[in-house]
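Since every read-out is calculated from the coordinates, none of them should be taken as a lab result. Only a predicted model underlies this, so the values are computations on that prediction, with no experimental measurement involved. A quick note on method: Cβ atoms are made from the backbone with ideal geometry, for glycine too, and the neighbour counts reach across all protein chains shown.
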Amino acid sequence: MIGIVVVATVAVTAIASVFIYSTVNTPSIPVKVSIRPGDTTADIALALSSRAIIKSALLFRLYVKERHADERLQSGEYHMRTGMSNEEALELLLKGPYVKYYKITIPEGMTVRETARAVAKASPIKEEQFLASAKKSGYDIPFLKELPDESLEGYLFPKTYTITDKTEAKDLVSMMLWQFQKETSGLDMSYVRSRGLGLHDAMTIASIIEKEVRLSSERELVSQVIYNRLDRQMALQMCSTVQYALPKWKEELTYSDLEVDSPYNTYLHTGLPPGPIASPGIASIKAALQPKPGNYLFFVLTGDDGSHTFTETSEEFERVKKEYGR
């Protein structure tokens, strides 16, 4: 009996010890936490609780909701510690990180200068810093060897990028160039090569497609028109290339605009312009690499949704233009 009592006493003492230990505050240990742009309060609460920074993800979410602070939590990297109260953790998230994140979205069809403005608007990187870094030299990336000059027009791949306040302009440009390398490295260039053209030519065609097309179903058709006109040594007569030659984009071109003295004026010069006129997305790049077979030589805007009518002859083209008042 005495042995049983001793064992029972030891067991009770052990249980009590566990209970007491579990109620003691978590030791304060430094923890580095990254909150990404777009993380919800639930995401943040889970991240903090999983690192023992706070005790309960649910209670933290309720506390944030009570303080009406859901929309004020800032992304970035934080120096926090385990065993913080909900109030302490929230105060840090409202104050802001020691490293702040910025999300920069670059849509398809932006020029280098437009990209620089978008970057400057969304991050601490200044427009002139970005433009100074957007040159071919200084980057050791395979595809750059095929570029004929310093311009990176057309090669800053459109995408959403996340940077910090420590990211320099050159770092961001490098990210964009490596993204281009990643997106295009597996694409089939055989059709382009068979025409005696290279990457720079393909990207020039892709950029024209990007600027001329609003409906994705028409990309390969515009590509068809471009290749057919090149085959016949016809001037491409693409308004988008003339727009690129002008100081700023215009809603409508005038006849005098079509006479602007520039190698990008494809009304005056046959063949492709010197290079891309914007950064195309992957859909336009693929269309430039493989046009839809056919004999179209012309297209004209006829739909309110941005759709075009494609024709094989100039007579049919003029008839459609007249019908739609173009």
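Applying 1/(1 + (r/R0)^6) with r as the Cβ-Cβ distance of Thr162 and Glu312 and R0 = 45 angstrom yields a FRET efficiency of 0.45. A Cβ-based charge dipole, computed about the Cα centre of the chain with Lys and Arg at +1 and Asp and Glu at -1, lands at about 1100 debye.
Using a 10 angstrom cutoff on alpha carbons, build the Gaussian network for the chain and name the most mobile of Leu62, Leu93, Leu230. For the chain, modelled as a Gaussian network with Cα springs under 10 Å, the answer is Leu62.
Highest mean first, the peptides 248-256, 138-146, 95-103 sorted by other C-beta atoms within 10 Å per residue fall in the order 95-103, 138-146, 248-256.
Return one number: the angle in degrees, 0 to 90 and rounded to the nearest 10, between the long axis of the Cα atoms of helix 41-50 and the longest principal axis of the Cα atoms of the chain. Tilt relative to the chain: about 50 degrees. As a rough footprinting exposure proxy, the listed residues Met84, Met203 were ranked by other beta carbons within 10 Å of their own, and the order from fewest upward is Met84, Met203. Listing His200, His269 from fewest to most neighbouring C-beta atoms within 10 Å gives His269, His200. Comparing Cα centroids, segment 189-220 and segment 224-242 end up 11 angstrom apart. Only one residue of Leu177, Ser256, Gly196 has its Cα farthest out toward the positive end of the dipole of segment 105-259, where Lys and Arg carry +1 and Asp and Glu -1 on Cβ, and that residue is Leu177. Between the helical axis of 112-122 and the longest alpha-carbon principal axis of the chain there is an angle of about 30 degrees. All other residues with a Cβ under 15 Å from the Cβ of Ser240 taken together, and with Lys, Arg as +1 and Asp, Glu as -1, what is their net charge? It works out to a net charge of -3.
Shown is the FRET efficiency for Leu94 and Ile141, computed with R0 = 45 Å from the Cβ-Cβ distance and rounded to the nearest 0.05: 0.65.
Note on Asp39, Asp149, Asp261: ascending count of other Cβ atoms within 10 Å places them as Asp261, Asp149, Asp39, the fewest first.
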